[in-house]
Amino acid sequence: MKRGILFVLGVIISVVWISSALAAEPRLIASDEREKAYLYVIGENQFSVKFKDVSGVFTWEIDPRADAPKLRVFDYDQDGEKEIAVSLCIGTGTGLDIDALHIVKLQDGKLVSYTYTEEEYTKRIKDAVAFKVARENSRLIAEFSSGRDSIRIDVTKSLNDYSPKDSEMRLECGDVVSFSPKTDGTIVLRAALGTKVSDTYTPDYYADLTANVVFTDGTFSLSNIRIVASPLL
């Protein structure tokens, strides 16, 4: 039986996780008691959210092998009413660790879910990051830059002596993405940045991008984008 963690006002409590919860009664998997916000799993990719005595059912993807969801309540769109941010892991495995972000908002007496889709945030990241390659003597250098940040990485060894054309090298992101709702109301996106050579090679990741998620009028955007070298290098 796999076990996860339940976040209740920042306190971590051990709970029986999704794999067993699917066969049981609706099970509480994350909550904020002070804000009267509760997240239940009620079936495969089926969740019930209760917020201020209003309930709603949503179909959200989740990987049953993952850690428990992260849940925070804050006025994310600054309209005077609080929303629920829920971060669910939707993919784990070799080279994969992907979260999905949902904002649940009380509108006209009903709970409505907004999802920051992979297509949206991937496009925003690729628009924000300039990528180029350079050749210095026998070395191949990959450069990632955004705003005032610029990271240059020697990728020669990772290519195992293969010398690709510059046009074959491209920016890669999306395999490692997390969303972390913080107590101060920020939602931090963290994504690994790397390179890929054509479609026959798996990506190699060299840098980390962080950004704040902005939620306004039902839409998402990113601000305060920063790039740092991966701590694994």
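Data overview
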quantity: Number of positions in the range 108-122 that are free of Cβ contacts under 8 Å to residues at least 12 places away in the same chain and either exposed (fewer than 11 other Cβ atoms within 10 Å of the Cβ) or farther than 18 Å from Ile90 by Cβ (or both); calculated: 2
quantity: Number of the exception - Ser19 against (1) of a type outside the set (Lys, Arg); (2) at pLDDT below 90; (3) more than 21 Å from Glu118 (Cα to Cα); (4) in contact with a Gly (Cβ under 9 Å, 6 or more places away or on another chain); calculated: (4)
quantity: Strands (runs of 3 or more DSSP E) wholly inside the range 43-101 containing at least 1 residues that are surrounded by fewer than 18 Cβ atoms within 10 Å (Cβ to Cβ) and touching a residue at least 24 places away in the same chain (Cβ under 8 Å); calculated: 54-59, 83-93
quantity: Complete set of residues in the range 108-150 that are among the basic types (Lys, Arg), assigned by TED's automatic domain parsing to the domain that holds Phe215, part of a strand (DSSP E or B) and more than 22 Å from Gly174 (Cα to Cα); calculated: Arg135, Arg139
quantity: Residues satisfying the stated conditions in the range 181-200, i.e. surrounded by fewer than 16 Cβ atoms within 10 Å (Cβ to Cβ) and not basic (Lys, Arg); calculated: Thr183, Asp184, Gly185, Val188, Ser198, Asp199, Thr200
quantity: Count of the range 196-231 residues which are part of a strand (DSSP E or B) and either closer than 27 Å to Arg72 by Cα or out of contact with any helix residue (DSSP H, G or I) (no Cβ under 8 Å at 6 or more places or on another chain) (or both); calculated: 24
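The values are calculated or read from the model by the stated rules, or taken from the named source; none is laboratory data. Here the structure is a predicted model, which means the values were calculated and not measured. Cβ: placed from backbone, ideal geometry, glycine included. Neighbour counts: every protein chain shown.
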